Amino acid sequence: MISALRTLTRWASSLPWRLAPFATVLEMRRDERRGIHQPEDFSGSVNTPGGERIEYSEPVSLLDQTAPSEVMEGRYRYNPDGAVISQPKSLYRLQRGCLITQEGIVYCPDTRAAVAETVKCWDSSARNHWLFRSPRFPDAQALVGTTLSLVTLSAEGFYHFLVEALPRLSLAKSWLDRIDHFVINAGGFQRAWLMAAGVDPSRIILATPHMHFACDDLLFTGPVIADCQPDPWVRRSLNELFPHAGSQPLRNLWISRADAKARHLTWEDELLAHLPGFERISLSTHSPLEQVRAFRSAKVVAGPHGAGLANVLFSPAVRLIELFPANHYVPLYSRCAAVAGGKAAWAGVDFERPERVAELAGAVARFLRN
């Protein structure tokens, strides 16, 4: 069935049916042209430096627990520590390019090849993406002028938006004054963050599952980080976007999830009674600039595991304390803290029933003293 649908997509539609790196897409398109006298095409790529070394360290276990590690194909999903090299960042330009789906896939309508740098799948090869076997899809709407795509897989959520989508503004900063359309994932908060970064709200377009645009001039990027590997460039880019939202690091912040649908620590009042000096805040009640200021003023950030902790990228030399539900552990925000020059600690707890509260509070106090 999959093969039949892909064949149907190829022969009975005008949608992309194959995958190729951006450079190959351009080469394929140029191969279809004949002669020198052709309409000008300014498509190409602009590369920015990459290759920075990043040191990730294993966060401290406050309760002497062993971190539960996800196993994939007989190997651990995450390395607890070690050095990696960040990947180069690239801004691409495709004149007469198409932008499709809320995942931000870019394709060339002349060659019907999707740009590999924009196609991502969580659990399968990008070559098997569902779009390549979708012969029926809404026709493309024309976007006149210059369009910048900030759309990427899962950026309806805060972490992927903050760390993987928003920094792309920095790659395109020399183009920002001529961009007519900024396309972003829709999740309820993205527009406010772009406006805080100086983007005209009348130019913002929210991506939908059936988004399909034919763009005069399309700017887009490849991935700015490898999955779950934040790097110093991301942190620098975010801080450059909000240069005036500064404060001195003085506060101990407890990031409450009392208003969240999941991972609310029901006994946080009891825990905070053992941790004097912590200020409880709920990020949903704070504007983007207020969140940036709060985290820039934080010397300690603590709270349940959640995407808002990615804001530690704004915090200088922060101490991060992250509480996970039992049998769940992801070294993601601890890596954000490491990129910010800080240190991290964690504990696995039952979010519904208080256990070892005094012991946990004592371990937190020791971590903050060391």
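The values are calculated or read from the model by the stated rules, or taken from the named source; none is laboratory data. Predicted model only: the values in this text are computed from it and were never measured. Ideal geometry is used to build each Cβ from the backbone, glycine not excepted, and the neighbour counts take in all protein chains shown.
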Looking only at the stretch 168-182, and only at residues there that are more than 15 Å from the chain's Cα centre (by Cα) and either aliphatic (A, V, I, L, M) or part of a helix (DSSP H, G or I) (or both), the one that is modelled with the highest pLDDT: ILE179
Among (1) touching a strand residue (DSSP E or B) at 6+ places or on another chain (Cβ under 8 Å); (2) without any contact (Cβ under 8 Å) to a residue 24 or more places away in the chain; (3) outside any loop (DSSP other than H, G, I, E, B) - the single one THR7 does not satisfy: (1)
Subset of the stretch 313-370 [basic (Lys, Arg), touching a residue at least 24 places away in the same chain (Cβ under 8 Å) and out of contact with any Cys (no Cβ under 9 Å at 6 or more places or on another chain)]: ARG319, LYS343, ARG353, ARG356
So which of GLY308, GLY303 ends up being surrounded by 21 or more Cβ atoms within 10 Å (Cβ to Cβ) and within 19 Å of GLY277 (Cβ to Cβ)? GLY303
Condition check for LEU283: without any contact (Cβ under 8 Å) to a residue 60 or more places away in the chain, more than 21 Å from the chain's Cα centre (by Cα) and either surrounded by 22 or more Cβ atoms within 10 Å (Cβ to Cβ) or more than 16 Å from ALA338 (Cβ to Cβ) (or both): no
List the number of the failed condition for VAL144; all other conditions in (1) farther than 22 Å from PHE42 by Cα; (2) at pLDDT 95 or above; (3) among the β-branched types (Val, Ile, Thr) hold. (1)
Only residues in the stretch 42-55 that are within 29 Å of ASP217 (Cβ to Cβ) count as the first member; pair them with residues that are of a type in the set (Gly, Ala, Ser), Cβ under 6 angstrom, at least 6 apart or cross-chain, and list the lot. SER45/SER90; ASN47/SER90; GLY50/SER86
Given the conditions (1) more than 21 Å from PHE367 (Cβ to Cβ); (2) free of Cβ contacts under 8 Å to residues at least 60 places away in the same chain; (3) crowded, with 17+ Cβ neighbours inside 10 Å, which single one is not true for TRP233? (2)
Complete set of residues in the stretch 177-186 that are farther than 10 Å from SER149 by Cα and either buried (at least 16 other Cβ atoms within 10 Å of the Cβ) or in contact with a Ser or Thr (Cβ under 6 Å, 6 or more places away or on another chain) (or both): ARG178, ILE179, ASP180, ALA186
Condition met for GLU164 (part of a helix (DSSP H, G or I), among the charged types (D, E, K, R), closer than 23 Å to ILE225 by Cβ and not assigned by TED's automatic domain parsing to the domain that holds VAL312): yes
Taking only the stretch 130-152 into account, find how many residues are in a strand (DSSP E or B) and crowded, with 17+ Cβ neighbours inside 10 Å. 5
Using the structure shown, decide if ILE255 is closer than 27 Å to ARG96 by Cα, touching a helix residue (DSSP H, G or I) at 6+ places or on another chain (Cβ under 7 Å) and without any contact (Cβ under 8 Å) to a residue 60 or more places away in the chain. no
With hydroxyl-bearing (Ser, Thr, Tyr) and either farther than 24 Å from ALA337 by Cβ or in the same structural domain as HIS286 (by TED's automatic domain parsing) (or both) as the only criterion, which of SER170, SER174 stands out? SER174
Whichever residue in the stretch 90-107 is out of contact with any Phe, Trp or Tyr (no Cβ under 9 Å at 6 or more places or on another chain) and buried (at least 23 other Cβ atoms within 10 Å of the Cβ) and, among such residues, is nearest to ASN128 (Cα to Cα): ILE105
Quickly run through the stretch 10-28 and pick out the residues that are outside any loop (DSSP other than H, G, I, E, B), crowded, with 16+ Cβ neighbours inside 10 Å and either of a type in the set (D, E, K, R) or within 30 Å of the chain's Cα centre (by Cα) (or both). ARG10, ARG18, LEU19, ALA20, PHE22, VAL25, LEU26
